[in-house]
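For reference, the structure discussed in these notes is given below.
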Amino acid sequence: MKISRRDFLKFTAASALTLGLNEMHLFNFEIAMAKSQSKVPVIWLNGSGCSGCSISLMNAVNPTVDEVLLNNISLGYHPTLMAAAGDMAVRSAQQMAEAGGYVLVVEGGIPTGASGKYCYVWSANNQHVTMAAAVRALAAHATHIIAVGTCASYGGVSKAATLTATQGAGTFLGKKVINLPGCPTHPDWIIGTLVQLIGGTVPALDSNNRPRMYYPAKICKSCPNKEREEANRLGQRGRCLEEVGCKGEHTFADCGKRKWNNGQNWCIGVNSPCIGCTEPSFPSFPLRGGEDGGGED
Ligand code: FSX
Ligand code: SF4
């Protein structure tokens, strides 16, 4: 469905509450969209990952991802969502890079061992280009850098075997990186952050560079099983799951309020422990015992 910018703004206004945005965010977004003659350029790289966060983005409902793609951003490169492929896709990324002023989105880990040779993103001038080299080159002319998912934010599944507690990459080439961890990340967190950046607002970040509005408090704070009798095995409904591995006490995210799949349910709601997927030490720490997540609560 092709909708106009005006329609999109209506959509966004309707979903502002869901995205956690206030009137000022929407006003700034509207002004920025009205001023710009062109869509906001975005280059989306996918490194050592599973594309789960891109798939999660496709579950965005209000607005849907095609509404965002068609009306508000110009996706110069995305390895799975763009229609172009091969040389044409690389040329598109290069042209956008030369023009500058784009948002760089990084999904998946950035392998650095063996000079990054474990992850090539494309070839140019008969040279294979590693993810690490591509990120370095594209970060230089980006207006903002967003790390989507825990792999991009802190290493996630890609770095798990090293058992290093990678803390959030605070800055890259002197630019602040906005981390949107989650394995996968929530579509609202991506769209809400983009809407703010387009409107000229950089969201307030916690010590792990996560927007406080989407990672405001420990999962336990909104858990319906809080302070209830503890489960001693999985499958016991309505009990606190800490003794069976729940990491809600050490994990910051708004899953309990926002829920997943268009507000249907969330991990605790289906009687599953929170595995701490938004934390820098994920996925190591569910296997090693708790660590605090560095948020404010
Ligand atoms: Fe996300 Fe993949 Fe988890 Fe990681 O590309 S679902 S953070 S395995 O990097 O998308
Ligand atoms: Fe990740 Fe925990 Fe939220 Fe589930 S409840 S999505 S494991 S942070």
Selection from the range 84-138 of residues of a type in the set (Val, Ile, Thr), assigned to a loop (DSSP other than H, G, I, E, B) and surrounded by 20 or more Cβ atoms within 10 Å (Cβ to Cβ) yields 110
By residue number, the members of the range 189-213 that are crowded, with 23+ Cβ neighbours inside 10 Å and either within 15 Å of ligand 2 (Cβ to nearest atom) or of a type in the set (Asp, Glu) (or both) are 189, 190, 210
Going through (1) at pLDDT 95 or above; (2) open to solvent by 40 Å² or more (accessible area, probe 1.4 Å); (3) more than 11 Å from ligand 2 (Cβ to nearest atom) one by one, residue 291 fails only at (1)
Log entry, pairs with first residue in the range 108-131 being within 21 Å of residue 155 (Cα to Cα), second being open to solvent by 30 Å² or more (accessible area, probe 1.4 Å) and of a type in the set (Lys, Arg), beta carbons closer than 9 Å, six or more apart or on different chains, reads 111/117; 130/117
For the range 143-171, the count of residues that are more than 16 Å from ligand 2 (Cβ to nearest atom) and either surrounded by fewer than 24 Cβ atoms within 10 Å (Cβ to Cβ) or modelled with pLDDT under 85 (or both) equals 15
Picked from the range 246-265 (must be without any contact (Cβ under 8 Å) to a residue 40 or more places away in the chain and over 16 Å from residue 192 (Cα atoms)), the residue farthest from ligand 2 (Cβ to nearest atom) is 264
**Prompt:** Mind checking whether some residue in the range 89-104 is touching a strand residue (DSSP E or B) at 6+ places or on another chain (Cβ under 7 Å), more than 15 Å from ligand 1 (Cβ to nearest atom) and within 27 Å of residue 281 (Cβ to Cβ)?
**Reply:** yes
Surrounded by 19 or more Cβ atoms within 10 Å (Cβ to Cβ) and under 17 Å from residue 181 (Cβ atoms) - does that describe any residue in the range 232-249? yes
- Query: Is it fair to say residue 61 is away from ligand 1 (no atom under 16 Å from the Cβ), closer than 28 Å to residue 275 by Cα and touching a residue at least 12 places away in the same chain (Cβ under 8 Å)?
  - Reply: yes
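The values are calculated or read from the model by the stated rules, or taken from the named source; none is laboratory data. Everything numeric here is computed off the predicted structure, so don't read it as measured data. Don't worry about glycine lacking a Cβ; one is built from the backbone with ideal geometry, like all the others, and counts go over all protein chains shown. Surface areas here come from the heavy atoms of the whole protein model, side chains and all, with no ligands, DNA or RNA. Shrake-Rupley method; radii C 1.70, N 1.55, O 1.52, S 1.80 Å.
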